[in-house]
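Input: a single structure, listed below in structure tokens.
The values are calculated or read from the model by the stated rules, or taken from the named source; none is laboratory data. All values reported here derive from a predicted model rather than from experimental measurement. Because the Cβ atoms are built from the backbone with ideal geometry, glycine has one as well, and the counts that use them run over all protein chains shown. Ligands, DNA and RNA are excluded from the accessible area calculation, which covers all protein heavy atoms including side chains. Shrake-Rupley method; radii C 1.70, N 1.55, O 1.52, S 1.80 Å.
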Amino acid sequence: MDARLNLFGNPVAAKFFRYINSAGKVIADSTLPAATQELVKIRASQINGCGFCTDMHTKDATAAGETAQRLHLVAAWREAKVFTDAERAALELAEQGTRVADAAGGVTDEAWANAAKHYDEEQLAALVSLIALINAYNRVNVIVQQPAGDYEPGMFG
């Protein structure tokens, strides 16, 4: 399987990714817990059907010490006992923020209030930014049919 477009060799794509990777660095350097960041990226990527990002973020999470049990249960987080209340709130916000077109009215006040119980204003800003950013990455990869499976943690820096 080959991608429709070589994102890694195209000058426009390379410039675009430099900018959004800079945005990702801001989020990564925030006080939003790293484990929560990976869970959110995995869940949004699953919803969007982005194999490349699902592969990347499950491997990054594993390399950072995340357990296989938690990774296997991200897609069924509502029924899983392995996530904290804060992680559940982040996953709910990620789902609603990813499924904006599917939900009349977008993100509910209840989901926002629940996230706000667990995260301060900086963390909420990071969480909202992360949801937007991973959705952008997912869309690019899905559009070009970026193949999944070859990612190795740290290969992008």
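Given a 1.4 angstrom probe, I'd like the percentage of the accessible area of the stretch 9-139 that is carbon and sulfur, rounded to a whole number.
Answer for the stretch 9-139: carbon and sulfur cover 58 percent of the accessible area.
Could you size up the charge dipole of the stretch 72-140 around its Cα centre, putting +1 on the beta carbon of Lys and Arg and -1 on that of Asp and Glu, and report it in debye to the nearest 20?
On the way: 6 positive and 11 negative charges, 56 e Å.
That gives a dipole near 280 debye.
Please report the projected area of the chain's Cα convex hull averaged over all directions, in nm². Don't skip to the answer; put the middle values down first.
On the way: hull surface 37.9 nm².
Averaging across all directions leaves 9.5 nm² for the Cα convex hull.
Cut-off under 16 Å on the C-alpha distance; same-chain residues fewer than 8 positions from LYS25 excluded. Which lysines are left, in chain and number order?
Answer for LYS25, where 16 Å is the Cα cut-off: LYS15, LYS41, listed by chain and number.
D for the stretch 1-90, whole µm²/s, Stokes-Einstein with Kirkwood Rh over alpha-carbon pairs at 25 °C and 0.890 mPa s: what number?
168
What trypsin sites (Lys or Arg not before Pro) in the stretch 75-155 are in a loop by DSSP, with at most 10 other Cβ atoms within 10 Å of the Cβ?
For trypsin sites (Lys or Arg not before Pro) across the stretch 75-155 that sit outside H, G, I, E and B with at most 10 neighbouring Cβ atoms in 10 Å, the list reads LYS81.
Helix-derived [θ] at 222 nm for the chain: sum -39500 (n - 2.57) over DSSP H runs of at least 4, divide by residue count, nearest 500?
-20500 deg cm²/dmol
Assign unit charges at the C-beta atoms only (+1 for Lys and Arg, -1 for Asp and Glu), then state the dipole size of the chain relative to its Cα centre in Debye, rounded to the nearest 20.
Working: 14 positive and 19 negative charges, 80 e Å.
The dipole of the chain has a size of about 380 debye.
Among LEU124, PHE8, LEU93, which residue has its Cα furthest toward the positive end of the charge dipole of the chain, with +1 on Lys/Arg Cβ and -1 on Asp/Glu Cβ?
Ranked along the dipole, the leading option is PHE8.
If R0 is 30 Å, what FRET efficiency do you get for ALA80 and VAL100 from their C-beta distance, rounded to 0.05?
0.80
Give me the 1.4 Å probe accessible area per residue for the chain, excluding ligands and nucleic acids, in Å².
On the way: 8720 Å² over 157 residues.
For the chain, the per-residue accessible area is 56 Å².
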